[in-house]
Every structure is written in structure tokens, then in C-alpha cells.
1. Given contacts defined as C-alpha pairs under 8 Å and at least six residues apart, what's the relative contact order of the range 2-134, whole-number percent?
2. If R0 is 25 Å, what FRET efficiency do you get for Lys103 and Leu14 from their C-beta distance, rounded to 0.05?
3. Out of Leu50, Leu63, Leu92, any idea which swings most in a Gaussian network model of the chain, alpha carbons joined below 10 Å?
4. Among Leu125, Leu67, Leu20, whose mean-square fluctuation peaks in a Gaussian network model of the chain (Cα, cutoff 10 Å)?
5. How do 71-77, 10-16 rank on mean C-beta neighbours within 10 Å, highest first?
6. I'd like the Karplus ³J(HN,Hα) series for the range 96-106: coefficients 6.51, -1.76, 1.60, θ = phi - 60°, whole numbers in Hz, and an x wherever there's a Gly or Pro.
7. First select every other residue whose beta carbon is under 12 angstrom from the beta carbon of Leu84; then total the charges, Lys and Arg +1, Asp and Glu -1.
8. Could you tell me the calculated FRET efficiency between Lys33 and Leu84, based on Cβ-Cβ distance and R0 = 35 angstrom, to the nearest 0.05?
Amino acid sequence: MLTLLTIHSIVRWLTVLAALGAIIKLTLGLLKKQDYDKMTGGLVSAFGGLMDTQLLLGLMFFLWNGLAGAGFPRQRWEHFSIMLVAVIVAHLPAMWKKAEPQKRLRNTLLAVAGSLVLVVLGVSLLQPNRWLTIFGLF
């Protein structure tokens, strides 16, 4: 079970890197009035795929650990629910494939950033507070 949680933690950082790369590329595309190119699409797709991977790993840990005796306390349900919404928001860019480039860039940027905000919120619900642990303040 610890291995599964470790993999979930490692993929978390890959997801954050993909999100930051996508946000930077989308922002530059908006500022420079560029088209939605293959690199942008690749970064956004990587972010969506990593979010899917995180959902699968998280769901496996949620069920396995819960059934193994840890139970299903409210904070874990809240974390799971918010993360599920974050994954859905991460896949919203697929709706704008036929939109004009600037609108597609803007909407995709909002979806990726919104998904990332939901991830931060979802992680902050875990006890002990994971942000304090991550930054060595716990």
C-alpha cells in the first residue's frame, strides 16, 4: 500500500510540472497572439493524462486503504470528490477544439488553472495538512 501511495506522490509532481508548462505556454500564446499549436496541445494532453493517472491511483489507494482498515472518513471523501471535479475540469479543453485560437487558448488556460486550484484545495483537506508536510513545516 505504501508503494501505491509513493507512486501517487511522485506522479503528483509530474502533474504539477505539466500544469505549469501548459500554463506558461498558454499564457505566452495569449500574450503573443499565437495559434494553438501542437506543443500546447501536447502539454494540455499530458496534464489531462496525468490527472487521469492520479485519479486511478488515488481511487485504488482510497479503496484499498479504506477496506484494509483505515475506513472512509469525511476528509477522504471530500478529497476524492474535489479531485474528481478537478479531473473533469482538466478535460474541458476538449470542448474548444473548434474555437478560434485566442478563445481556445484563453479557455484552456482557465481550465488548467482552475483544475490546479481545485487540486490545491483538495490536498489541503487531507490530515495532517499535506502542504505543511510538503514544505517541512509539520
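Values in this text are rule-based calculations from the coordinates and carry no lab data. The model shown is predicted, which means the values in this text are computed figures rather than measured ones. Virtual Cβ from ideal backbone geometry, glycine too; neighbours counted across all protein chains shown.
1. Computed value for the range 2-134: 31 percent relative contact order.
2. On the way: r = 29 Å, r/R0 = 1.15.
Computed FRET efficiency for Lys103 and Leu14 comes out at 0.30.
3. Among Leu50, Leu63, Leu92, the largest mean-square fluctuation in the Gaussian network model of the chain belongs to Leu63.
4. Maximum fluctuation in the GNM of the chain, among the listed residues, is at Leu67.
5. Values: 71-77: 12.0, 10-16: 15.7.
Peptide ranking by packing, descending: 10-16, 71-77.
6. Result, rounded to whole Hz: 9, 4, 9, 6, 4, x, 5, 5, 5, 4, 4.
7. Values: positive: none; negative: Asp52, Glu78.
Neighbourhood net charge equals -2.
8. Values: r = 35 Å, r/R0 = 1.00.
It comes to 0.50.
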